[in-house]
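The values are calculated or read from the model by the stated rules, or taken from the named source; none is laboratory data. Everything quoted here is computed from the prediction, not taken from an experiment. Heads up, the Cβs are rebuilt from the backbone with ideal geometry, glycines too, and the neighbour counts pull from every protein chain shown. Surface accessibility is based on the protein's heavy atoms, side chains included, excluding ligands, DNA and RNA. Shrake-Rupley method; radii C 1.70, N 1.55, O 1.52, S 1.80 Å.
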Amino acid sequence: MSESPEWQSEECNEDQLEGYLKRYEMLAGEWCIWFDDREPIGITFGVEWVPSNEKAWIGTILIAESKRRQGYGQAIIGEMVKNFTNEQHDVLFAGVPIEKLSWIHFLSSCGFEQFKVEEDETKKTFMIMVHPL
């Protein structure tokens, strides 16, 4: 997390991590730590069902700074896509703050398509992206 100040500024600082994780508990999703051999390379959160649209979502993907731009993020998304496909889902969603263009480009490179723009309850604007499965 400390290697991702952009994510921290968007989601939470390290001292807020416990509260951040508690907010995700109600979704009954799965946090995963991804490894290359024995070295951790990424953390993800995926959920099979959210109340807003009753579909699967990726909530978080963080890649170790030393492993970025080496294909690990795309490989992890690929594994998540495969897992959700195996669970009989037909689409996978992700939401990105509209100003985070590099995040949108990354998800686009992983097969996500822009679906719509929407505001949350705090009036923050998000690009909702969808990956057909």
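Here is how the numbers come out for the structure above:
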item	result
Percent accessible area from carbon and sulfur atoms, segment 67-133, protein chains only, probe 1.4 Å	50 percent
Pairwise FRET efficiency - Gln88 versus Ile33, Cβ, R0 = 25 Å, nearest 0.05	0.50
Cα-Cα separations in segment 18-133 greater than 22 Å, expressed as whole percent	33 percent
Accessible solvent surface per residue of segment 62-126, calculated while the other protein chains remain in place, 1.4 angstrom probe, Å²	63 Å²
Rotationally averaged projected area of segment 86-133 (alpha carbon convex hull; nm²)	3.7 nm²
Segments 28-40, 105-117, 89-101 sorted - mean Cβ within 10 Å per residue, highest first	89-101, 105-117, 28-40
For segment 64-104, convex hull volume per residue from C-alpha positions, Å³	81 Å³
